[in-house]
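Beneath this line is the structure, given in structure tokens, with notes to follow.
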Amino acid sequence: MKRDRILLASCILLLTALAWIYLFRLDQQMSAAESMARMGMSIDTPWTVRDFTLTFAMWSIMMIGMMTPTALPVLLLFMQMRTGRGSSNSSQAAAMFAVGHITIWIAFSVAVALLQWGLHQAALLSPDMTVTRSWIAGVILIGAGVYQLTPAKSRCLTSCQSPVGFLLANWREGLKGAFQLGIRHGSYCLGCCWALMLVLFVVGVMNLAWVALITAFIFLEKFGPTGARLARVSGAAIILAGIASIVR
């Protein structure tokens, strides 16, 4: 059991490391404009299917690097509980749980890549992948800040902060059940964090300093002792930043 837990943790951390290595290499090799050109994303011409595919791949790898580690505590607990119940194939079940969780973020990557495509087609996205209108940036920030204060955010955050409660309330048997459990947990995770991801359109989609900062903030929200309070305080701060962006 201990060996399996170490192997699972190692696989998750390796996957995270590979995602971040990709992002750092992408950031180091090109400027923002060169990045879009080399990835096939022309700045001043309409996108092709290839452009969308490359953007989707970029978002997918970024989401894996940011969000997969946050699922590690619940994955390890899931494996431990399955073993305690005398279930077989705990490692395979944990892998299915992880696949379900990642599936949600891959689906989100499709949606956000479509959003980026739309912004590009409307000439509302700069070469460094930030929105070009301060009022749009303000609307995004205000929307993200308001969502931080909503009951939906609170419910999703509570589920992410309480893996034992989540597993007991949603337990499924079998490999299919493990996948469904991963989908459900990933959905709560998405409900907790999706609005924060949209802030990247304000600070720069490939601004890795902000990507790292948002990742660290999500960790503090989920695993810090004052995560709920942090969500409320940050929500108010993000709303103020949005108002400032609109009125400047």
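The values are calculated or read from the model by the stated rules, or taken from the named source; none is laboratory data. Values in this document were obtained by computation on a predicted structure and should not be read as measured data. Backbone-built Cβ (ideal geometry, glycine too); neighbour counts: all protein chains shown.
Condition (residue is within 20 Å of the chain's Cα centre (by Cα), part of a helix (DSSP H, G or I), free of Cβ contacts under 8 Å to residues at least 40 places away in the same chain and more than 19 Å from residue 71 (Cα to Cα)) applied to segment 203-211: is it met by at least one residue?
Taking every residue of segment 203-211 in turn, at least one turns out to be within 20 Å of the chain's Cα centre (by Cα), part of a helix (DSSP H, G or I), free of Cβ contacts under 8 Å to residues at least 40 places away in the same chain and more than 19 Å from residue 71 (Cα to Cα).
Where the second residue is basic (Lys, Arg) and surrounded by 21 or more Cβ atoms within 10 Å (Cβ to Cβ) and the first is farther than 21 Å from residue 126 by Cα and lies in segment 137-158, which pairs have Cβ atoms under 7 Å and are six or more apart or on separate chains?
Matching pairs, first to second residue: 147/153.
Just one of 179, 219 is part of a helix (DSSP H, G or I) and either in contact with a Leu (Cβ under 6 Å, 6 or more places away or on another chain) or surrounded by fewer than 19 Cβ atoms within 10 Å (Cβ to Cβ) (or both); which is it?
Result of the check over 179, 219: 219.
Could you run through segment 170-184 and say how many residues are acidic (Asp, Glu) and under 24 Å from the mean Cα position of the chain (by Cα)?
Residues meeting the conditions: 0.
Is it the case, given these coordinates, that residue 149 is surrounded by 15 or more Cβ atoms within 10 Å (Cβ to Cβ), more than 13 Å from residue 190 (Cα to Cα) and not basic (Lys, Arg)?
yes
With closer than 30 Å to residue 174 by Cα and at pLDDT below 95 as the only criterion, which of 129, 58, 79 stands out?
79
State whether one or more residues within segment 104-123 are surrounded by 19 or more Cβ atoms within 10 Å (Cβ to Cβ), in a helix (DSSP H, G or I) and aromatic (Phe, Trp, Tyr).
Yes, segment 104-123 contains a residue that is surrounded by 19 or more Cβ atoms within 10 Å (Cβ to Cβ), in a helix (DSSP H, G or I) and aromatic (Phe, Trp, Tyr).
Restricting the search to segment 24-55, which residues are modelled with pLDDT under 90, of a type in the set (Ser, Thr, Tyr) and either within 17 Å of residue 128 (Cβ to Cβ) or buried (at least 22 other Cβ atoms within 10 Å of the Cβ) (or both)?
Hits for segment 24-55 are 31, 35, 42.
Report whether or not residue 98 is under 20 Å from the mean Cα position of the chain (by Cα), at pLDDT below 95, assigned to a helix (DSSP H, G or I) and under 25 Å from residue 69 (Cα atoms).
Spelling it out, residue 98 is indeed under 20 Å from the mean Cα position of the chain (by Cα), at pLDDT below 95, assigned to a helix (DSSP H, G or I) and under 25 Å from residue 69 (Cα atoms).
Residue by residue through segment 124-146, note down the ones that are over 30 Å from residue 28 (Cα atoms) and either loosely packed, with under 14 Cβ neighbours inside 10 Å or in contact with a His (Cβ under 9 Å, 6 or more places away or on another chain) (or both).
135, the sole residue that qualifies.
Name every residue in segment 58-102 that is under 23 Å from residue 197 (Cα atoms) and hydroxyl-bearing (Ser, Thr, Tyr), in order of residue number.
Within segment 58-102, 60, 68, 70 meet the criteria.
Is it fair to say residue 220 is within 26 Å of residue 100 (Cβ to Cβ) and either at pLDDT 95 or above or among the basic types (Lys, Arg) (or both)?
Considered against the rule, which asks whether it is within 26 Å of residue 100 (Cβ to Cβ) and either at pLDDT 95 or above or among the basic types (Lys, Arg) (or both), residue 220 comes out as no.
Please enumerate the residues belonging to segment 55-104 that are of a type in the set (Val, Ile, Thr) and within 17 Å of residue 187 (Cα to Cα).
64, 68, 70, 74, 99, 102, 103, 104 - these are the residues of segment 55-104 that are of a type in the set (Val, Ile, Thr) and within 17 Å of residue 187 (Cα to Cα).
Among (1) part of a helix (DSSP H, G or I); (2) of a type in the set (Lys, Arg); (3) within 16 Å of residue 101 (Cβ to Cβ), where does residue 155 come up short?
Single failed check for residue 155: (3).
So in segment 159-173, with the set limited to residues that are in a helix (DSSP H, G or I) and in contact (Cβ under 8 Å) with a residue 12 or more places away in the chain, which one is farthest from residue 107 (Cα to Cα)?
Residue satisfying both the conditions and the ranking: 164.
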